Amino acid sequence: MLAKARAMVITIWNSIDSLRQVNFWAQSMLALLILFTFIATLIAIAATERKERLQRVKDREHEEILETTRLKARELEASAEDARTEQMRLGKMLGETELRVEQLREKNLDTEAKLEQERIRRINLEQRMSPRRLDLNQKARLVDGLRLHIGTKYDVSVVNSMEAITFLSDIESVLDEAGWVQVDAGSSAGLVVNRPGRKQTNLAVAEGIRVEVADSITDKFGHALNSLLKGLNDAGFHVHVAIIRNPKFDTEVVHLTIGDKIDPAEHGGFR
């Protein structure tokens, strides 16, 4: 009995011992499972945190980009506003400049008009003050026109001034070269101008240039007279023509009188 009991106790003990060993392996496997689960959880948490950190970095970079874009936009708006302000300023300056230019143009026009008036006044003054003379070109043109009437007779009278006598000498040199013939002037009660080498010249009291011909010879001397008048007019000299209807007037001679210089302003610029 005792032996059986002992055998039974041993059997039970061995069974308990076997159960203990099985439970140990089960607990060990459970612990390993828990450990693996914990590690996997840590890994998952770490991965999640890393992902969140990366997302936060991306979000921060995105915010920085947005902020930079907003700053750039504000800068561009400020630049655009400055540009508009500058454009308005330049537009105002342009308007002021155009107004100033117009004022200066009007002032210049006024100045030019005054200068032109002064130039004309000075020219008129010079013409009034300067002696009457024929230059070489004017003489040549006169000779060409008057040479067609070679042999035309003329006499001269002149006022007692050096300017008029010198101008008469210019005209006489032209008439001589053109073949016109100078004759003594008619009687003038002894009032003559002594001019060595020249025909008798009467002393006159007159202004400007005067040409007298008898009415009866206008047909004969008409072309010669017109050539003389045109030549002197082209040279800038005013000539007064008198057609004399007097039977006692010399009918074969063109009478030329050189008077005092006239005011060009009163005769359309002619001297």
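The values are calculated or read from the model by the stated rules, or taken from the named source; none is laboratory data. The model shown is predicted, which means the values in this text are computed figures rather than measured ones. FYI the Cβ positions are ideal-geometry reconstructions off the backbone, even for glycines, and counts take in every protein chain you see. The protein model used for the area step is the full one, side chains on, heavy atoms only, and it has no ligands, DNA or RNA in it. Shrake-Rupley method; radii C 1.70, N 1.55, O 1.52, S 1.80 Å.
Each row is one residue, and each column tells you yes or no for (1) small (Gly, Ala, Ser); (2) at pLDDT 90 or above.
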{"position": "Arg198", "(1), (2)": "no, yes"}
{"position": "Thr201", "(1), (2)": "no, yes"}
{"position": "Glu207", "(1), (2)": "no, yes"}
{"position": "Val213", "(1), (2)": "no, no"}
{"position": "Ile217", "(1), (2)": "no, no"}
{"position": "Lys220", "(1), (2)": "no, no"}
{"position": "Ala224", "(1), (2)": "yes, no"}
{"position": "Ser227", "(1), (2)": "yes, no"}
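Considering each residue of the range 165-218, count those that are open to solvent by less than 40 Å² (accessible area, probe 1.4 Å), charged (D, E, K, R), in contact with a strand residue (DSSP E or B) (Cβ under 8 Å, 6 or more places away or on another chain) and part of a helix (DSSP H, G or I), and give that number. Count: 1. Residues of the range 221-244 that are touching a residue at least 60 places away in the same chain (Cβ under 8 Å) and of a type in the set (A, V, I, L, M): Ala224, Leu228, Leu232, Ala235. As a summary of the residue check, Leu94 satisfies the conditions (1) more than 30 Å from Ser173 (Cβ to Cβ); (2) open to solvent by less than 70 Å² (accessible area, probe 1.4 Å) except for the one numbered (2). When the range 219-258 is filtered for residues that are exposed (fewer than 14 other Cβ atoms within 10 Å of the Cβ), assigned to a loop (DSSP other than H, G, I, E, B) and polar (S, T, N, Q), only Asn246 remains.
Being outside any helix (DSSP H, G or I) and not aliphatic (A, V, I, L, M) holds for only one residue in Gly95, Gly151, Gly145, Gly91, and it is Gly151. Where residues in the range 165-204 are free of Cβ contacts under 8 Å to residues at least 12 places away in the same chain and of a type outside the set (Val, Ile, Thr), which of them is nearest to Thr251 (Cα to Cα)? Out of the qualifying residues, it is Ser187.
Residues that are among the polar types (S, T, N, Q) and either loosely packed, with under 14 Cβ neighbours inside 10 Å or at pLDDT 90 or above (or both) within the range 118-164 comprise Ser130, Asn137, Gln138, Thr152, Ser157, Asn160, Ser161, listed in sequence order.
Counting only residues that are farther than 12 Å from Arg210 by Cβ and either surrounded by fewer than 17 Cβ atoms within 10 Å (Cβ to Cβ) or modelled with pLDDT under 85 (or both), the range 259-269 holds 7 of them.
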